[in-house]
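Inspection log for the structure reproduced underneath, given as structure tokens.
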Amino acid sequence: MARTKVEWVPDEAAIKEFAGWTGPVGQSVNRLAMEAVFRIRGLANRRSGVMTAGMHYKKGTWSRGIQFDAGSDVGYTLFVDQGTKPHPIKPKNPGGVLTFYWPKVGRVVHFKSVQHPGNKPYKFLERGLEAALSMWERGG
């Protein structure tokens, strides 16, 4: 019985092409990241526009390949996306007052604290990524 010895030598350059951002996989994932940000912007609450203006993605690498984070660095993004329970709002400075225009009474009001009723979760980050993945899976 004849035996043949086969030795496999990995082509590090080819592997790197598929594991990095410059190769075909990285370019495809980059398109996914751009599409995810586009979809998230379309679904996000645009009350002031600050949150949507701050939306972007960040490329990254880890031990098994590439990754990206999509969203907004605006501090309240997660609260809008995930919702909040009812909670008190107090002034930043002790002894201070909250001052704001209250449309319901039609004037500027001053309070020592207010009880925020909370808000429902919008889940725009998850829904935006799901929409982008759906398009990406179809070859978009």
Meets criteria (assigned to a strand (DSSP E or B), surrounded by 11 or more Cβ atoms within 10 Å (Cβ to Cβ), touching a residue at least 12 places away in the same chain (Cβ under 8 Å) and under 14 Å from the mean Cα position of the chain (by Cα)) for Gly71: yes
Leading residue by the ranking (modelled with the lowest pLDDT) among those in the stretch 5-28 that are among the β-branched types (Val, Ile, Thr) and over 27 Å from Trp136 (Cβ atoms): Val6
Hits in the stretch 74-85 (condition: in a loop (DSSP other than H, G, I, E, B) and within 20 Å of Ala36 (Cα to Cα)): Val74, Gly75, Tyr76
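Considering only the stretch 1-20, how many residues are small (Gly, Ala, Ser) and surrounded by 10 or more Cβ atoms within 10 Å (Cβ to Cβ)? Outline the logic, then answer.
So in the stretch 1-20, the residues small (Gly, Ala, Ser) come out as 2, 13-14, 19-20.
Narrowing the set further to residues that are surrounded by 10 or more Cβ atoms within 10 Å (Cβ to Cβ) leaves 14, 19-20.
Residues flagged as small (Gly, Ala, Ser) and surrounded by 10 or more Cβ atoms within 10 Å (Cβ to Cβ) within the stretch 1-20 amount to 3.
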Filtered residues of the stretch 31-44 (kept if of a type outside the set (A, V, I, L, M, F, W, C) and either surrounded by fewer than 15 Cβ atoms within 10 Å (Cβ to Cβ) or touching a strand residue (DSSP E or B) at 6+ places or on another chain (Cβ under 7 Å) (or both)): Arg31, Arg41, Gly42
Matching residues, the stretch 1-26, being of a type in the set (Gly, Ala, Ser) and outside any helix (DSSP H, G or I): Ala2, Gly20, Gly23
Meets criteria (in contact with a helix residue (DSSP H, G or I) (Cβ under 6 Å, 6 or more places away or on another chain), in the same structural domain as Ala33 (by TED's automatic domain parsing) and surrounded by 13 or more Cβ atoms within 10 Å (Cβ to Cβ)) for Leu78: no
Selection within the stretch 27-50 - farther than 16 Å from Asp69 by Cα and assigned to a helix (DSSP H, G or I): Gly42, Leu43, Val50
Criterion: of a type in the set (A, V, I, L, M) and at pLDDT 95 or above - qualifying residue of Val108, Val50: Val108
Filter result for Thr99 (more than 30 Å from Lys123 (Cβ to Cβ) and polar (S, T, N, Q)): yes
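The values are calculated or read from the model by the stated rules, or taken from the named source; none is laboratory data. Bear in mind the structure is a predicted one, so any value in this text is a computation, not a measurement. No Cβ is skipped: glycine too gets one built from the backbone with ideal geometry, and neighbour counts run over all protein chains shown.
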